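The block underneath contains the structure these notes are about, expressed in C-alpha cells.
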Amino acid sequence: MPIAITGATGLLGTRLLEILADRHDSVILLSRPGGIPARERIVRYLRASGRPDDAIAAIAARLRTVVVELERPMLGLTQQRFRALADELDEIWHCAASIDLNSDPQRLHLTNTVGTRRIIELADAGVRTPMLHHVSTIGVAGRRPVGRIYEDDLDDSYGFTTRYEESKYLAEVAVREWSARTGRPAVVHRPSVLVTDQRPHPHLPTHPLLTGMQLARKLVNTLAMTGESRERLVVRIPGDPQALVNMLQVEEAARLMVEVSAHAPTSHVDTYHIVHPRDVRTELLADVFEELFEDILPISWRFVPSAPQQPTPWETLVYQTMSTFLPFMSYRRRFDDLGLRRLGLTGDFTAPVDRDYLMRTFGSEQYTLSA
Ligand SMILES: NC(=O)c1ccc[n+]([C@@H]2O[C@H](COP(=O)([O-])OP(=O)(O)OC[C@H]3O[C@@H](n4cnc5c(N)ncnc54)[C@H](OP(=O)(O)O)[C@@H]3O)[C@@H](O)[C@H]2O)c1
C-alpha cells in the first residue's frame, strides 16, 4: 500500500524520498499547487545527483502526485478525495515546513502548526490507521541555553529564539495531544542543523543555510567597501567560543530517520534526536568564516560575553544583519541521542562534520556566486 510524504521537494525531503522509494512500491507526493509538478522536480533532482537513468525511471514509476493545500481543511480536497486518499495509506511522512527563520509569523503558523494539524486529520481519517512520522526539529527546545536536552522533553518554559521554533513546538504538541487522545502511535524525528557538501546545482533544493551565508557575504562585502583600510578588522561577537552547534549531514539524517522507522514504536510517541554524535564548537565556525572571507576582507571574529556597550559601526552592522543567528553563538546545550544509540545507528563511526566538511559546505560556489 502507498505511503505519503509532504515536503518531498525540499533539502531533507528529496533525500528521504530517495530512500523511501527504494523500500515502498508506491509513494504519494503531497505537494502544493503551482510551479513544476513535484514528480518532475524529483526526477530533475535525481538526475542532478547523478543517479543512472534506469534507477531514476524505477523510482519515478513509483511516484504519484496529489496536489494539496496544507493549511486548508481536508487539505483543500473534496470530502470524497480526502477520504479516498486517507484510506489508501499505511504511512505518512510529514516533512513540509516553512523553515525561513525570518518569515512572517502568520505564514510560519499556518504552514508549520496548522499544516501539521491537517496532516493529523489525514492520519485520523484513514481506515488503515497509518503510522505518522512527523519531522520536527531540535529547535523545539527553544531558548534553553545549557544542559542536556532529552528526547522526551517538550515544554515552552524557556521561550523561543525564533517564531519558526515556536511554530514547530506547537506542531509537536499537536502530535502528542492527538496520540494521547486517540491512543495512536507516532514517531517524531527532531533533526539538528542540516548541512550538505553536495555540489550545488539548479535542480537541487536550495540549501536553507544559504540565506545566512548570503547575508554574511553581503555584510563582508559592505564592510570591505566602506572600510578605510585593508587592515584586519576585529569584530566582537556576543557569544561563547565553546558554545555548541549540532550539525548533521542531510543524507545521514534521512538514512537515520528511515532506519528508525523500521523499528516498532515503543510508546505512544517515540521521539528521536536526529543529531550528530559530536557537536561543532562556535570557535570552529568562526575560524571557517575567517578563512572563507580572508580574500575579501581579513576579519577576526572575537567572542565576548555580552554585546559591547559601545559597538563600532561595523559591529552594529553585523549585529543588525545577523540578529537571528547570534543567540545560537551562546548555547552550550547537548541533545541526547539515546534513541539512535539504543538502535546502534550512531557513534564514533559517524562521518565527521569537521573543518574540511564545513569549508566544502560553505565555500561552495552556490554561496560565493549568488551573493
Ligand atoms: N534544514 C534544516 O536544517 C532543518 C533542521 C531541523 C529540522 N528541519 C525540518 O525538516 C523538514 C524539511 O526541511 P528542509 O530543510 O528540507 O526545508 P526545505 O528545503 O525548505 O523544504 C521544505 C519543503 O516543504 C514544502 N513546503 C513548504 N511550505 C509548504 C506549504 N505551504 N505547503 C506545502 N508544502 C510546503 C516545500 O515545497 P516547495 O518545494 O514547493 O517549496 C519543500 O518541499 C522541515 O519540517 C523542517 O522543519 C530542517
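The values are calculated or read from the model by the stated rules, or taken from the named source; none is laboratory data. Model, not experiment: these values are computed from the prediction. Cβ coordinates were reconstructed from backbone atoms using ideal geometry, including for glycine residues, and neighbour counts include every protein chain displayed. Accessible surface is based on the protein model in full, side chains and every heavy atom, while ligands, DNA and RNA are left aside. Shrake-Rupley method; radii C 1.70, N 1.55, O 1.52, S 1.80 Å.
Determine, yes or no, whether residue 28 is in contact with a strand residue (DSSP E or B) (Cβ under 6 Å, 6 or more places away or on another chain) and surrounded by 17 or more Cβ atoms within 10 Å (Cβ to Cβ). Spelling it out, residue 28 is indeed in contact with a strand residue (DSSP E or B) (Cβ under 6 Å, 6 or more places away or on another chain) and surrounded by 17 or more Cβ atoms within 10 Å (Cβ to Cβ).
Report, by residue number, each residue of region 1-18 that is under 22 Å from the mean Cα position of the chain (by Cα) and more than 14 Å from the ligand (Cβ to nearest atom).
Across region 1-18, the qualifying residue is only 3.
Number of residues in region 107-126 that are open to solvent by less than 10 Å² (accessible area, probe 1.4 Å) and among the β-branched types (Val, Ile, Thr) equals 3. The residues of region 40-65 that are within 15 Å of the ligand (Cβ to nearest atom), surrounded by fewer than 18 Cβ atoms within 10 Å (Cβ to Cβ) and under 27 Å from residue 117 (Cβ atoms) amount to a single one, 65.
Please determine, by comparing only the residues of region 66-106 that are assigned to a helix (DSSP H, G or I) and within 11 Å of the ligand (Cβ to nearest atom), which one is farthest from residue 11 (Cα to Cα). Selected residue: 76. Pairs are defined by a Cβ separation below 7 Å, a sequence spacing of at least 6 or placement on different chains, a first member in region 82-98 that is in contact (Cβ under 8 Å) with a residue 12 or more places away in the chain, and a second member that is within 16 Å of the ligand (Cβ to nearest atom) and polar (S, T, N, Q); the pairs so defined are 94/6; 94/116; 95/6; 96/6; 97/111; 97/112; 98/111; 98/112.
Matching residues to (1) in the same structural domain as residue 177 (by TED's automatic domain parsing); (2) over 30 Å from residue 174 (Cα atoms); (3) free of Cβ contacts under 8 Å to residues at least 12 places away in the same chain; (4) out of contact with any Pro (no Cβ under 9 Å at 6 or more places or on another chain):
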{"residue": "263", "(1), (2), (3), (4)": "yes, no, no, yes"}
{"residue": "270", "(1), (2), (3), (4)": "yes, no, no, no"}
{"residue": "287", "(1), (2), (3), (4)": "no, yes, no, yes"}
{"residue": "293", "(1), (2), (3), (4)": "no, yes, no, yes"}
{"residue": "299", "(1), (2), (3), (4)": "no, yes, no, yes"}
{"residue": "309", "(1), (2), (3), (4)": "no, yes, yes, yes"}
{"residue": "320", "(1), (2), (3), (4)": "no, yes, yes, yes"}
{"residue": "325", "(1), (2), (3), (4)": "no, no, no, yes"}
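Of all residues in region 268-282, those satisfying the criterion of being in a loop (DSSP other than H, G, I, E, B) and farther than 17 Å from residue 91 by Cα are 275, 276, 277, 278, 279. Note on region 159-184: among residues that are away from the ligand (no atom under 16 Å from the Cβ) and free of Cβ contacts under 8 Å to residues at least 60 places away in the same chain, the one that is most open to solvent (accessible area, probe 1.4 Å) is 181.
For region 272-281, enumerate the residues that are open to solvent by 10 Å² or more (accessible area, probe 1.4 Å) and farther than 12 Å from residue 335 by Cα. The one that is open to solvent by 10 Å² or more (accessible area, probe 1.4 Å) and farther than 12 Å from residue 335 by Cα: 281.
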